[in-house]
Amino acid sequence: MLADRINQLTPSPTLSLNSKIKELQAQGLAIINLTAGEPDFAPPSVLKEALIATVNQNCHHYTPVAGILELRQAIAQKYRNTYQLNYQADNVIVSSGAKQVLYNALASLINPEDEVIVYTPTWSTYIEQIKLVQGIPVLIELEPPFQLTAAHLEAKITSKTKAVILNYPHNPTGQLIALNELQNIIQLAKQHKFWLISDEIYETIVFDGQPHQCLPAIDPTIQDQCLVVSGLSKSHAITGWRLGWGCGPKELIRAMTNLQGQTTSGASSVIQQAALAAFLDLETPKQMARAYQDRRDQIWPELASIPGLKPIKPQGAFYFFVDIRNLLNNACPTSTDWCQALLTEQQVALVPGEAFLAPGYFRLSFATAPSELLLAVQKIRAFVTKSEASKDY
C-alpha cells in the first residue's frame, strides 16, 4: 500500500500533456505543440562548447552538495552586479533544477498544518509540493488582469501563515507584480513574520523595457526572510540540463543543503562546471527576450481578433493566457473538453486552464517558431468559427 502523501499527489498536468503530444507526433500526426514551458532556441554555442570541454577534462566525480564553489560564487556575483545584493557563496544552493530548490525550501520551512499562500492561476507544482510536506495551500483566486496586490494577500494571512510563494513574470499569465505592491507585500512579511519564496525563473524575459524587480533588492532588510529561486533553464535554453539555484539566508541554505545531501546530493558535476560559461554570456538572454516580445506583438492582436477569445497581454515570460468562458457550451462544457476538441479537429495542442486551477482558460506557449504560431492561430480561428456556427445550446 502506498503512502497517503503519494496517493494525494496529482501528476504534473503540463508534463503529462507534453508527453502525450510527443506520443501523437511519434505516430506521424503533425501536431502543433504549444504546451511546453521551455524555449525553442538551441543553447548558445559557448555553453555547448563548455560542456564538451568539461567532459574532456574528466569532471565526473561528486561535487559539494550545495554546488561547486566557483558556480556558487558566480551566482552570488550575478546578484551583486545586477541587483546590488550582498550575497556570498554560502548564501547559494545549486540543485537539479529550480523545482528541486522549491521542494528543498518548503521541506526545510514547513511543518504540518503550516499555511502557504499561493495565488491562482498557478503552476500546479507549488500546490503539490506544499501538500507533500504536509502544509496547507491557501489560495488567492485572481481575476483578469491577474495582478496580485498586497490587499489580496492580506485578506488571506492568518496566525498559521508560514510562507507566501510569488512568481513573476508569472506562469501562466505572463503578468508582473507592480513595484509598489511588492513593497507592500514585503512590509506584510515583516509585520506578520512569514517567509517570501520568490520564483524568478523568468527574470530575463520581461517586455517593453521594464526592469526585473528582484524581490530582496527592493528592500534588502527582507533578505533574512526571503529565498530567491532561479536558474538557467529559461534564460539560456537548457531546461534539460536541470540546473537551478536558491539564494537566501545562510541558515536556510544550510538546512536545504542538509536535506539535499540525504536525497539527491549535488547536481551533475559536468553541468555545474559547464554552466559557468553562462555567466559570461549576457547577450543570449537579451536576444531571446527580444524574440519573444516580437512574437507576442505579432500574435496577440491575431488572437484578440478571434470572436470569443480574451487573451491577456503578457508583460513577460512566453505565454498567452486566454479566457474562453464565453465559448464553452454543451458540446465543450470545460476548457479541458475545448482543448481536447481543438487537438482532435485541428491538431493544435494547448494547456487547459484546469491545469492551473483556472477553468475556462487555456495557456498558449509562444516559445515556438512564428510560422508555427501563425498557423496555430489560423487553426484556432477555424475551430472557433466552426464551433460557433454549430453551437449546441
### Message
Give me Met288, Met1 sorted ascending by neighbouring Cβ count inside 10 Å, so fewest comes first.
### Response
Met1, Met288
### Task
Specify which residue in the list His61, Thr385, Gln272 is farthest towards the positive end of the charge dipole of the chain, using unit charges on the beta carbon of Lys, Arg (+1) and Asp, Glu (-1), about the Cα centre.
His61
### Query
For the residues His61, His192, His170, what sequence is obtained by ranking on other C-beta atoms within 10 Å, fewest first?
His61, His192, His170
#### Entry: Over the chain: Rg over Rh, Cα atoms, Kirkwood Rh
0.97
#### Entry: Residues with amide H under 5 Å from that of Tyr319, placed H, sequence gap 5 or more
Phe366
### Mean-position separation - Cα centroids, the range 110-142 and the range 257-282, in angstrom
27 Å
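Could you please rank Ile21, Ile201, placing first whichever residue has the fewest other Cβ atoms within 10 Å of its Cβ?
Ordered by Cβ neighbours within 10 Å, fewest first: Ile21, Ile201.
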### Query
What is the set of long-range amide H partners of Val138 at a cut-off below 5 Å, with H atoms built 1.01 Å from backbone N?
Val116, Ile117, Val118
## Note on the structure
In order over the range 167-174: 3J(HN,Hα) from phi, Karplus 6.51/-1.76/1.60, θ = phi - 60°, whole Hz, x for each Gly or Pro, gives 8, 7, x, 9, 9, x, 8, x
### Summary
Checked the range 194-257 against the a/c 1.5 cut and the a/b vs b/c comparison, axes a ≥ b ≥ c from its Cα gyration tensor; verdict oblate
### Summary
Computed curve, the range 256-393, Cα-only Debye sum without solvent term, log₁₀ I(q)/I(0) at 0.15 Å⁻¹, is -0.79
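Values in this text are rule-based calculations from the coordinates and carry no lab data. Computed from a predicted structure; not experimentally measured. Note that we place each Cβ from the backbone using ideal geometry, even for glycine, and neighbour counts take in every protein chain shown.
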